[in-house]
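Heads up: the structure comes next, in structure tokens.
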Amino acid sequence: MRRLSLVIAAFATLAAATAGAQTLAVEPVSATTSTNAASVDLPVSAGQASYVSLAGPVRDIVVGDPSIADVSVVNDRTLVVLGKRPGVTSLLAFGAGGRALADRQVVVSENGGGGVTVYRGATANHYACAAQCTRLGPGAP
């Protein structure tokens, strides 16, 4: 019971901290260059954009759920990610020969902020957070 109280307190603190923070329209994020690296979260607000700088020229881009986020190519090493609606999706970018340039988990929240996961035993509940947290649907990473 004490652990649950601590989780709730941490969740409330995170929500309060993100409520007072100002968010810029574009937030810089550098991409991972390792082909074996785990996904890295990229928080984006709905209606806002962030850019991802790549280590090499991009050839192919894959967005898991285009209804959550969209990607535009600025140049061969810069992508702009636009948050469309709250949720979580993946962004993959590949260079020549299929070399992985980026593996991102895009977390789109309603008004700035990022994501939080609340664990209850083996059960994980995922939220996209800003001034308020929105619970993401089943199967969200």
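Values in this text are rule-based calculations from the coordinates and carry no lab data. If you're wondering where the values come from, they're calculated on a predicted model, not measured in any experiment. Backbone-built Cβ (ideal geometry, glycine too); neighbour counts: all protein chains shown.
Test of understanding: what is the full-extension gain from residue 62 to residue 40, defined as 0.36 nm times their sequence separation minus their Cα-Cα distance?
6.4 nm
Say R0 is 30 Å: what FRET efficiency, to the nearest 0.05, do residue 132 and residue 78 get from their beta-carbon distance?
With R0 = 30 Å, the Cβ-Cβ based efficiency is 0.40.
Collect residues whose amide H, placed 1.01 Å from N in the peptide plane, falls under 5 Å from the amide H of residue 90; neighbours closer than 5 in sequence don't count.
Here the answer is 64, 65, 106, since their amide H atoms fall under 5 Å of that of residue 90.
What ranking of 109, 72 emerges when the number of other C-beta atoms within 10 Å of each C-beta is taken as an exposure proxy, fewest first?
72, 109
Out of residues 5 or more away from residue 45 or on other chains, whose amide H comes under 5 Å of its own, with H placed 1.01 Å from N in the peptide plane?
So residue 45 has HN proximity to 109, 112.
What order do you get for 41-53, 89-101, 116-128 when each peptide is scored by the mean count of other beta carbon atoms within 10 Å, highest first?
Ranking the peptides 41-53, 89-101, 116-128 by packing returns 41-53, 89-101, 116-128.
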